[in-house]
Structures are given as structure tokens and as C-alpha cells.
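Q: Here you go, one structure.
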Amino acid sequence: MTRTFAGPGRYTQSAGVLDRLGKLAERHGQTALVIADDTVWELTAETVERSFESAAGTFERVRFSGDCTVEEIDRLTRAAVETDADLAVGIGGGKSLDTAKSVAARRELPVGSVPTIAATDSPTSSISIVYGEDGSVVEAEKHRRHPEFVLVDTAVIAQAPTRWFVSGIGDALATCYEATATWESGGTTVFEDRPAYAGRALAQTCYRLLRDRGKGAVRAVESDSVTENVEAVTEAIVLLSGLGFENGGLAAAHAIHDGLTTLPGAESATHGEKVTIGLLAQLILEGATDEEFADIRAFAVSVGLPTDLSGLGVTDPSDAELEAVGRVATDPSGPIRNEPVDVSREQVADALQVIDTFDPS
């Protein structure tokens, strides 16, 4: 029975660490292709430029359009060729980081990951989620290499809109439940091997930090403050959940997320918001007790996560639309295969209906 554990080469987190970017980059290349959208660049340009002034290497910034699509990856890969870059660095949210990973993979370059929001666990992973022009998930690209470094400036994280931080909590909240499902079902991770004990342990630690410190961290981020709760929950979202999902396994929560990307009205919902609904549906599919379901639902409410489809922007979905979600979610090649119970598209649709009619009283 083969178990695999893998992760980024270095993880650095603290308020103010963005000024280390130039020195970190020079360890892996002389010319960095920095991928960032206009909003992110306006916030970070001064610090990034200053960080390279004292470094041996240089950088060339290219504008990211905002979506990780095949067309955008191809365009920025051409930019990497034109600038003769020997390192790619993504700065921004998950889509910009995933795009940088894919560009680096096509050019066989090292990649650095600099998240400016703690909205997902993608910064540490070796996966890029590629979307279609309609916003639906097209493919999860698996790369041979992880980021050489992940640099997380919690001062930047805390100043971002609180919704992104809350979304990250939703994404990370599912990690432990999906790792448990994978472990119990005899399933496999993204590396196509059995989960590592370390992966499961990290997923469990991630869960405990979220439950113990999540509400306090959200309150601090609402005032743009960096506290120990913010440091702990940021690490849970970015590092522990990232290592936990890759080395522990994915299951129904993310499978249903993929289905929800096709649901009319859910286009503006974040990744973590959809994963939260997927987690609640996973609990129903696995036969969780009323007490356990109510506990997770109450925690989601306490930090500001959606707990029904209306919270994703979906109103009065048809049976056909919910079954379409179920059809995508139950793709046998996807993470639903790691569930310890058989799941049909109809059961997914029914679980989503139950979530919408749940009465917490």
C-alpha cells in the first residue's frame, strides 16, 4: 500500500513578508514573470519593486485578465517565452496562482505563489483549476511540481474584503471531512496513492483551528487587523488545508462544488461558499446525525458562510437543474469516488433539497 506526501518547498507567513519576495525569487531564477491583475498590482507593486531592488534577479510583470482559462494560460505562456523568464510568480487570488502554475508547467519553470487573499487552499498545491468561458470547471490540471515557495503576508490578507477570508474558511472546513471519507473508503489522493497519516493529521489540525479561532479571526479581519487568530486561521486555510486535501483526499464536498458551478444563479458565489454547501450535502449523504449537521451549519452561520442555495444566489432551482448538479458531482472519475457510500445524481439533488428546507429550530 503506497502512501505519498508532497508539498511546496518553503512556506513563509507573517505580516510584512511580501518584502522578501525578491530574495526568495532569486534563489530559483534570474528573471521572474510576475502574474497579477491590475487591482492586485496597484496594492502590491511598490513593495514588490522594492523587494527586487536588493535582489540579484529582475522581474517582468504581466497583466492577468482574472480567469484561469486555457486561452489565458496560453497567452501568458507566450509572455514567458517573450521575456525569457526562468521563474513564474503568481500574486493574487487562486485563479492567478493557478494560472502561474500552469504557465510554469508548460515552460518547465519553477513557480512561486503569493496569495493576497486567503480564499482557498490552492496556493500550496500542485493543481490548477481551469475554467471555461461560462465559469464552469473544465479541468483540474495536475502538475509535476509544487510551488518552490509560498509567501503569505497576513497584513495584506487582513486588508482584503472579509468575504474572501470567510470563503477560505468554508473551503478549509471541508478538508477534514473529505480526508476522513477518503481514509474510510479506501480511496486515493490526487497523487493516486493512499492518504498519508500526516495528511489526515494536518486535516484534523486544520479543522480544530477553524473551530477554535475562526470567529475571532473573522472579527479581526473585519477591522483589517492581524491577530494570532488571523495568523492561525490563515495558516489553516492556506497551508494545512492545502496539504490536507492533497495528502488526505477529496470527496463529495468538492465534487458537489463542481456540480454547483453549472447551477444558474451561482455564478457569483465563491469557491468556498459552494464548497460549504457541498459539505452540508456530504453530511446528509453520509447519514450524519441531526446534531452533527446542525453543529456544522451553526458554525457556518457564525462566520458568515451560506447554508442554503439562496446564499449562493440560487432561487427556486428546478428538479432538472439539481439533477444536472448531481450528474457532474457523481462523475466516477471525480472525487465522489472517495465516498464510503454509493452516491447517485438523484441523491445529490435530494440532499440539496434537504439543505434548502432545513429548519434549525
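The values are calculated or read from the model by the stated rules, or taken from the named source; none is laboratory data. Please read all numbers here as calculations on a predicted model, not as lab measurements. Here the Cβ positions follow ideal geometry from the backbone for every residue, glycine too, while neighbour counts run over all protein chains shown. Ligands, DNA and RNA are excluded from the accessible area calculation, which covers all protein heavy atoms including side chains. Shrake-Rupley method; radii C 1.70, N 1.55, O 1.52, S 1.80 Å.
Q: Filter the stretch 81-102 down to residues that are part of a helix (DSSP H, G or I) and more than 23 Å from LEU43 (Cα to Cα) and give me whichever is least open to solvent (accessible area, probe 1.4 Å).
A: Ranking the qualifying residues of the stretch 81-102, first place goes to SER102.
Q: Still on this model: Within the stretch 18-27, track down each residue that is within 19 Å of ILE237 (Cβ to Cβ) and surrounded by fewer than 19 Cβ atoms within 10 Å (Cβ to Cβ).
A: Hits for the stretch 18-27: nothing passes.
Q: Also, quick follow-up: Look at THR47 and say whether it is touching a helix residue (DSSP H, G or I) at 6+ places or on another chain (Cβ under 6 Å), open to solvent by 20 Å² or more (accessible area, probe 1.4 Å) and at pLDDT below 95.
A: So THR47 fails the test.
Q: Does any residue of the stretch 195-208 turn out to be of a type in the set (Ser, Thr, Tyr) and out of contact with any strand residue (DSSP E or B) (no Cβ under 9 Å at 6 or more places or on another chain)?
A: Checked the stretch 195-208: at least one residue is of a type in the set (Ser, Thr, Tyr) and out of contact with any strand residue (DSSP E or B) (no Cβ under 9 Å at 6 or more places or on another chain).
Q: Sticking with this one: Does VAL328 meet the test of being open to solvent by 50 Å² or more (accessible area, probe 1.4 Å) and in contact with a Lys or Arg (Cβ under 9 Å, 6 or more places away or on another chain)?
A: Taking the combined requirement at face value, the residue satisfies it.
For (1) part of a strand (DSSP E or B); (2) open to solvent by 60 Å² or more (accessible area, probe 1.4 Å); (3) charged (D, E, K, R), each residue gets a yes or a no:
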| residue | (1), (2), (3) |
| --- | --- |
| GLN13 | yes, no, no |
| GLY29 | no, no, no |
| VAL40 | no, no, no |
| PHE52 | no, no, no |
| ALA55 | no, no, no |
| GLU60 | yes, yes, yes |
| GLU72 | no, no, yes |
| ARG75 | no, yes, yes |
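Q: Mind listing just one residue for me: the one in the stretch 318-361 that is outside any helix (DSSP H, G or I) and among the small types (Gly, Ala, Ser) and, of those, farthest from the chain's Cα centre (by Cα)?
A: Filtering the stretch 318-361 for residues that are outside any helix (DSSP H, G or I) and among the small types (Gly, Ala, Ser), the one farthest from the chain's Cα centre (by Cα) comes out as SER361.
Q: Any residue at all in the stretch 240-250 that's open to solvent by less than 10 Å² (accessible area, probe 1.4 Å), closer than 16 Å to THR120 by Cα and not in a helix (DSSP H, G or I)?
A: The answer is yes; a qualifying residue exists.
Q: Among the residues of the stretch 269-317, which ones are under 19 Å from GLY216 (Cα atoms), assigned to a loop (DSSP other than H, G, I, E, B) and either small (Gly, Ala, Ser) or open to solvent by 20 Å² or more (accessible area, probe 1.4 Å) (or both)?
A: Hit for the stretch 269-317 is GLY304, nothing else.
Q: Could you say which residue among ARG144, ARG163, ARG107 is open to solvent by 40 Å² or more (accessible area, probe 1.4 Å), out of contact with any helix residue (DSSP H, G or I) (no Cβ under 8 Å at 6 or more places or on another chain), touching a residue at least 24 places away in the same chain (Cβ under 8 Å) and more than 26 Å from ASP342 (Cβ to Cβ)?
A: ARG163
Q: Under 6 Å by Cβ, and 6 or more places apart or on different chains, what pairs join a residue from the stretch 306-324 that is farther than 20 Å from ARG163 by Cβ and modelled with pLDDT of 95 or more with one that is open to solvent by 20 Å² or more (accessible area, probe 1.4 Å) and not in a loop (DSSP other than H, G, I, E, B)?
A: So the pair list comes out as GLU323/ARG345.
Q: Quick test of your reading of the structure: SER333 fulfils all but one of (1) more than 26 Å from GLU139 (Cα to Cα); (2) surrounded by fewer than 19 Cβ atoms within 10 Å (Cβ to Cβ); (3) out of contact with any Phe, Trp or Tyr (no Cβ under 9 Å at 6 or more places or on another chain). Name the failing condition by number.
A: SER333 satisfies all of (1) more than 26 Å from GLU139 (Cα to Cα); (2) surrounded by fewer than 19 Cβ atoms within 10 Å (Cβ to Cβ); (3) out of contact with any Phe, Trp or Tyr (no Cβ under 9 Å at 6 or more places or on another chain) except (1).
Residues checked against (1) more than 24 Å from SER136 (Cα to Cα); (2) in contact with a Pro (Cβ under 7 Å, 6 or more places away or on another chain); (3) among the acidic types (Asp, Glu):
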| site | (1), (2), (3) |
| --- | --- |
| THR39 | no, no, no |
| GLU46 | yes, no, yes |
| SER54 | yes, no, no |
| PHE59 | yes, no, no |
| VAL70 | no, no, no |
| ARG78 | yes, no, no |
| THR83 | yes, no, no |
| ALA88 | yes, no, no |
| SER96 | no, no, no |
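Q: Restricting to the stretch 175-199, what's the tally of residues that are in contact with a helix residue (DSSP H, G or I) (Cβ under 8 Å, 6 or more places away or on another chain) and more than 21 Å from PHE299 (Cβ to Cβ)?
A: 12
Q: Still on this structure, please answer the following. Output the number of the condition that LEU210 fails; it satisfies all remaining conditions of (1) open to solvent by 10 Å² or more (accessible area, probe 1.4 Å); (2) assigned to a helix (DSSP H, G or I); (3) over 19 Å from ARG337 (Cβ atoms).
A: (1)
Q: Okay, moving on. Checking the structure you have, find out if any residue of the stretch 48-62 is under 26 Å from the mean Cα position of the chain (by Cα) and among the small types (Gly, Ala, Ser).
A: No: the stretch 48-62 contains no residue that is under 26 Å from the mean Cα position of the chain (by Cα) and among the small types (Gly, Ala, Ser).
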